[in-house]
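Below is one structure, written out as structure tokens; comments come after it.
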Amino acid sequence: MNRRVIPLNELSAVPAFSSAPGAPRGSVVDRLARPLRDLRISVTDRCNFRCVYCMPRTVFGHDYPFLPHSALLTFEEIERVARLFVTQGVEKIRLTGGEPLLRKHLERLIERLAALRTPDARALDLTLTTNGALLARKARALKDAGLTRVTVSLDALDDTLFKRMNDVDFPVSSVLEGIEAAHAAGLGPLKINMVVKRGTNDSEIVPMARHFRGSGTVLRFIEYMDVGRSNGWNMTEVLPSADVIDQINAHWPLVPLDAHYPGETAQRWQYADGAGEIGVISSVTRAFCSSCTRIRLSTDGNAYLCLFAGTGHDLRALLRGGVSDEQIADAIARLWQAREDRYSQLRGQAAGGPRVEMSYIGG
Ligand code: SF4
């Protein structure tokens, strides 16, 4: 378990509040002129799957020391810190895990976060990434609470392969039911994320494309990444996005699309016959650090400036330490202004030090 944390008062040497040309009003920017826009909040470090690339059973077994309930940020604390992040430029909040739908009464947190959308604030996109296992049951309540949309992780349609990958014998049909329920509840446009691991599920690329073509969902293929230290990542298991595009293009011709906004992680492609679009997220072969506007908040309130960071910054101590909103907002600004993380851009040159696990801070 790797959870190195530093207190936020060590950032006092950084000058506060600046902005860059092109950054939204009120946004702080980091040392590489990247504005703070996206906040990903992990609401639980637990998951009901044991996917080998994220929470392998060999590491996350019965005796794994998951966080005790008292360590988790409460809904009140999450709402407060999210509101302060919004004052620093955040326009999009994504709830992650672990599996976020395992957090009890999650819709109550969504209601609180949705209430941050005041008429004078910038539009706040409120979304969630899930493995889909509980989605059929919860989609309507999530929508009613104010969730904008969902992204569902799904790595295969073949039931035997899917069960082998989730390692808990969970059937693909139940995830597909969850996707249907999310559609019916209006949690769209729905995105489906497929992590492609060469030699494991690359045979599913074309079947997945066939299944979701014309359905109104956006299927996105993600290169297998070296997040954390527990998944035994190896470069030979990475299938470049260019190969994914070639495979699909051979069946259904594709044409490239422009990004929706600067810094969009996925490169967009459209089926030439009008059956919708797909995306590829080339985290390994085409790093997008130069436009990375994301900060991650762990279940126990540590802020991470990069998916591959080894050290978190303790916001929970401020939230529970009688510190004012203004001081916490200032600490967030200073933290972001000191940021120069760009792991994927430097991959290969980076030192082999500790890295936080994906299940602790979300993907
Ligand atoms: S490696 Fe870090 S800085 Fe680069 S895109 Fe990923 S999270 Fe952002």
**Asked** So which strands (runs of 3 or more DSSP E) stay within region 259-363 end to end and still have 1 or more residues that are more than 14 Å from the ligand (Cβ to nearest atom) and within 20 Å of the chain's Cα centre (by Cα)?
**Response** 267-271, 277-281, 302-304, 311-314
**Message:** Yes or no: region 145-168 includes at least one residue that is in contact with a Ser or Thr (Cβ under 9 Å, 6 or more places away or on another chain), without any contact (Cβ under 8 Å) to a residue 60 or more places away in the chain and farther than 24 Å from Ala209 by Cα.
**Reply:** yes
**Request:** Return a yes/no flag: does region 227-246 have any residue that is crowded, with 20+ Cβ neighbours inside 10 Å, closer than 29 Å to Gly89 by Cα, within 14 Å of the ligand (Cβ to nearest atom) and touching a residue at least 60 places away in the same chain (Cβ under 8 Å).
**Result:** yes
**Message:** Just checking, does region 53-63 include any residue being at pLDDT 95 or above and of a type in the set (Phe, Trp, Tyr)?
**Reply:** no
**Complete:** Only unsatisfied item for His211, checking (1) of a type outside the set (S, T, N, Q); (2) assigned to a helix (DSSP H, G or I); (3) closer than 26 Å to Met235 by Cβ, is (3)
**Prompt:** Out of (1) in a loop (DSSP other than H, G, I, E, B); (2) of a type in the set (Ser, Thr, Tyr); (3) out of contact with any helix residue (DSSP H, G or I) (no Cβ under 9 Å at 6 or more places or on another chain), the odd one out for Thr236 is which?
**Reply:** (1)
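The values are calculated or read from the model by the stated rules, or taken from the named source; none is laboratory data. Given the structure is predicted, the values throughout are model-derived calculations rather than measurements. Please note: Cβ atoms are built from the backbone with ideal geometry, for glycine as well, and neighbour counts cover all protein chains shown.
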